[in-house]
1. How big is the Rg/Rh ratio for region 151-201, C-alpha atoms only, Rh by Kirkwood, two decimals?
2. So what are region 2-118's ellipsoid semi-axes, whole angstrom, largest first, if each one is the square root of 5 times an eigenvalue of the alpha-carbon gyration tensor?
3. To the nearest µm²/s, what D does Stokes-Einstein give for the chain at 20 °C and 1.002 mPa s, using the Kirkwood radius over alpha carbon pairs as Rh?
4. Please return the longest range in the chain lying between exposed loop sites, taking trypsin sites (Lys or Arg not before Pro), DSSP loop only, at most 12 other beta-carbon atoms within 10 Å, and leaving the sites out.
5. For region 129-211, what is the relative contact order in percent, using Cα pairs closer than 8 Å and at least 6 residues apart in sequence?
6. Tell me the relative contact order for the chain as a rounded percent, counting alpha carbon contacts under 8 Å between residues six or more apart.
7. With a point put 7 Å past each Cα toward its Cβ, work out how far residue 208 is from residue 174 in nm, to one decimal.
8. So if R0 is 22 Å, what FRET efficiency would residue 158 and residue 135 give, r being the distance between their Cβ atoms, rounded to the nearest 0.05?
Amino acid sequence: MIMGCGRVGSTLAHILEDNGHSIAIIDRDPQAFRRLRAGFRGRRVTGIGFDRDVLTEAGIESASAYVAVSSGDNSNIISARVARETFGIDNVVARIYDPRRAEVYQRLGIPTVATVRWTADQILRRLLPEGTEPLWRDPTGTVVLAEVTVNPAWIGTRVVDLEDRARARAAFINRMGEAVVITGSTVVQEGDVLHMIAAERDMDRVNKLLAAAPEEED
């Protein structure tokens, strides 16, 4: 079930339907349903997404997941909480524009997507040098995933050994345009782009360490 038939909501509805899911979508503006393609087979319900009667009409009692992606933070979080707390839907996600609110609601146990911070990060990654801005951060800003430039002197080093020195985890390697899952025998090769995951406070240290040649161990 999706609350909000804007660009995000309608796109999610089409993708989920194409993957074999049954969809119900709610919007207070009946004109919003024009964004749905002509062949959309899901249920369209006009109303307020946190109204219990509207949710019941949309079939929330049989829903396996609920997504709140309207244009209002308050509406999204209220409807997400009603879906979780009143109807017992475990799989709930809310879009939140204010990153400070996203952190609060994340701590309440409701997964959120903070669109403003995510968009800003994506723009900065294209404006600033590689590795300056993270590819992903959790809503609290505590953990980040970032591309890390590796000094050529690390070529031939096992990634697990590199992790030990960096005191951080390597998520995967982009090698010649393809993602490589790291194993115990994976070594750094020329042209590899390493994706590291670490606490945000540690990422500058990780970047500086790997940008330099490895120090000789005693």
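Throughout, read-outs are computed from the coordinates displayed, never taken from laboratory work. Keep in mind it's a predicted model, so treat the numbers as computed, not measured. For neighbour counting, all protein chains shown are included, and Cβ atoms are generated from backbone atoms with ideal geometry for every residue, glycine included.
1. When Rh is taken as the Kirkwood radius, the ratio is 0.94.
2. Rounded to whole Å, the semi-axes are 21, 16, 13.
3. 108
4. 42-166
5. 37
6. 13
7. Placing both labels 7 Å beyond Cα along the Cβ direction yields 2.5 nm.
8. 0.40
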